[in-house]
Amino acid sequence: MEQASSNSHPFLERLEVNEERDELRSSSVMSVQSVIDFKDTTDYIQRLFNMPSKASLPFPAFKVWIRKLRKNFLHDLVAGITCSAVMIAQSLIYANFAGLDPFFTLSTGALPLIIYSLFGTSRHLSVGPISTICLMLMDIIKVFPQESQSIAVHSLALFLGLFFLSLEIFKLTFSENLLSYNVTNALMSAAAVRLIVENIPFLMKVPDPHGNTFEQIYGLLTSIPKINIINFIFGAGTIVCLIIAQYLKEKTRSKSVLYNLVSIFITIVATILCATTNFATDHGLILIGTFPTGIKLTFPDLDFITSQFKNIFQGALIIFLVAYAETLALVKQFAMLEKYDIDLSQESLALGLSNITSAFTSGIPCLGAVSRTPLNHVAGAKSQMAAFICGSIVLILLFVGGPLFKYMPLAPLAGTVIYSATRVVKFTKWGVQFKHFKLDFIMSLVTFFGILYFGLASGATYAIAFSVIIILKKAYISASRTSSSTVSESGKLLMNMAEFDNPKESLNIKKIKEKDICFCNYLQCGKKHHICIVDAEEQLFYFNSGVFKNKFFSLWKRYGYNQDSAKSEKNLSLIVINFSKLNYLDFTGVRTLDEIHHLFQKIHIPIKMSNLHHNFQEKLKDYGIDQAFISDCFDDLHQVISRFIENCD
């Protein structure tokens, strides 16, 4: 086989992106656009503010959405208004079941969200109060004295902000896969069950039962004779309307945001009814009531922080470990969906500043919302301006809207929370876990029932401790087996491949410094076929699955954007994952392979597996991975490449 030099094929570059070149190119494009749009309003604003370069800009996102103000404003305005309506409703609901003043949760959706819109790189992330944090707060603040719980909430936000800033200041890397997918799924499902149980008393208008989730369920069953029928009809009716709206949305495949605003319309109608008549008084409905207006500045109580440092630090750390992975997954998901780049270091800075702002403005810890972020995307958000508009609307409401909530009934809001929580409860492939992944199944059970019995904060702590023990064990095993070789295993195999019969055909190998990635170029009658081979680690489990997936995400960004381009020489023809070294695969690893397959299936790049042990094939089949992906996975790398070349003839 004839080996080509590295200079003969310039398209075979290193996978790492040259950031300086991309930044220079980006600056050139911006300069050209500034000349073209000199008379535009957006260009005038840039010149008016004398905006510096991206490297020195204090608000990185601000320049991006100002530059495209005219193009994106209408889309961002609609998305901002839509998300603000949902944000307000959720803030009122979350405050009630967390035992907090609604003013705290509303404040969290105002200035902190505006700060994120100025510093964050995600165009769709909706930062503010989220159900996961509020559920954890419900358990965490119980260890503090009753009169100091509001100070504790603000202190938790401050510490959470400092955790995020430490990632940026010290350039720390943090795995989003500290918890496996099955544990995260069990955690979210258990949190949703607790959320449902905590909100049922607002539907029934019965005293809130105390104890763990099982004791609360028993207390609710014994309180059925005491139900306030009218209050229950308001809440249950909202749930029925939401179910019908979701059914119609799925049946018609509509993308209209009106279906997401059904509960808002019901709440507005109910509020008008209660405000204009004596309906609430006559039937004993639970109303939100009044609360302070404006922005109330709060400053850290150093004496309190010193005396309660252990509890504050532990609570903030639990929130950070659990909710960070959820937010990071949201950021990556929508960046991938809309094909734009994100800066995780900048995200840490933005989230840190948002939480510190929340701590100083009577807020609570805040992160990305799983419910509002997709809504922001569906509503048409094009830039961070949507978040800026949403936060501004909530801020205005804080100053002028306090009296509006005096007659707002709580039952429709509680019904909305219960319906949303039921959609989060998912026992994803627990049967597959029980059959093939016993350890994963045990961790799911321990996490789910541990949270129901001990509470979200304690249950999450046990799940994290269990996960860290497994990570250390796997890391020790992996370190003891690590090879000192720096040459790609796939590169070795390809070098030993026989020459092809057709003299016009040749396979040229490009060895790069990465230990586990190799590129080759197959030249067939003048047509180039670019093949990428990625070696899997000895173990593919939840802790390293994120790193493994990021390799393919880099490939996707590099080649996926240009896959429909006329420059076909930059397109990948085939990706092969070489599993010759794999000896351990868990549930999260299987799910990662499924995500990678779907990622490249969308851009029509074939992806194959080689040297996969037969013990792992049944796991992949039972999980439900596409048969085309796992076909011929027993074949070695030589056979996979040869079959691809034959099919190209």
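The values are calculated or read from the model by the stated rules, or taken from the named source; none is laboratory data. It should be emphasised that the depicted structure is a prediction, and the values quoted were computed from it without experimental measurement. Virtual Cβ from ideal backbone geometry, glycine too; neighbours counted across all protein chains shown. The accessibility values were calculated without ligands, DNA or RNA, using every heavy atom of the protein model including side chains. Shrake-Rupley method; radii C 1.70, N 1.55, O 1.52, S 1.80 Å.
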Any idea of the accessible area per residue across region 187-259, 1.4 Å probe, to the nearest Å²?
54 Å²
If the chain between ILE396 and PHE427 were fully stretched, how many nm would it gain, using 0.36 nm times the residue separation less the Cα-Cα distance?
7.1 nm
Compute the accessible area per residue over region 274-313, keeping the other protein chains in place, probe 1.4 Å, unit Å².
66 Å²
Express the Stokes-Einstein translational diffusion coefficient of region 278-331 in µm² s⁻¹, to the nearest whole number, given a Kirkwood radius over alpha-carbon pairs, 20 °C and a viscosity of 1.002 mPa s.
136 µm²/s
Accessible area of LEU287, 1.4 Å probe, to the nearest 10 Å²?
60 Å²
Could you give me the radius of gyration and the Dmax of region 242-311, taking only the C-alpha atoms into account and expressing both in angstrom?
21.4, 58
In the P(r) worked out for region 336-442, what percent of Cα pairs fall beyond 16 Å?
78 percent
What length, rounded to one decimal in nm, is gained on full extension from SER254 through to HIS613, with 0.36 nm per residue of separation minus their alpha-carbon distance?
124.9 nm
With DNA, RNA and ligands ignored, accessible area of THR290 (1.4 Å probe; Å², nearest 10):
100 Å²
Can you quote the Å³ per residue value for the convex hull of the Cα atoms in region 208-270, rounded to an integer?
126 Å³
Roughly how many debye, to the nearest 20, is the charge dipole of region 203-325 about its Cα centre, given +1 on each Lys and Arg Cβ, -1 on each Asp and Glu Cβ, and no other charges?
520 debye
Region 345-398 shape via C-alpha gyration tensor axes, a/c threshold 1.5:
oblate
Give me the percent of the accessible area of region 300-438 that comes from carbon and sulfur atoms, probe 1.4 Å, all protein chains in place.
67 percent
Keeping all protein chains in place, calculate the accessible area per residue for region 378-451 (probe 1.4 angstrom), answer in Å².
41 Å²
Taking a threshold of 28 Å on the Cα-Cα distance, which of the pairs LYS205/LYS249; LYS426/LYS608; LYS551/LYS621; LYS339/LYS581 fall above it?
LYS205/LYS249; LYS426/LYS608; LYS339/LYS581
Give the share of C-alpha pairs in each 5 angstrom bin for region 217-362, from 0 to the last occupied bin, in whole percents, shortest bins first.
1, 6, 8, 10, 10, 12, 15, 16, 13, 6, 2, 0
Which value in nm describes the separation of the simple spin-label points at SER148 and LEU439, placed 7 Å from the Cα toward the beta carbon?
4.1 nm
Net charge over other residues, Cβ less than 14 angstrom from the Cβ of HIS210 (K, R count +1; D, E count -1):
-2
Let's test the formula: R0 of 56 Å, r as the Cβ-Cβ distance of SER642 and VAL378. What FRET efficiency results, to the nearest 0.05?
0.75
For ASP622 and ILE305, extending 7 Å from Cα along the Cα-Cβ vector and measuring point to point gives, in nm, a value of 5.1 nm
Between region 70-144 and region 262-294, how many Å separate their Cα centres?
22 Å
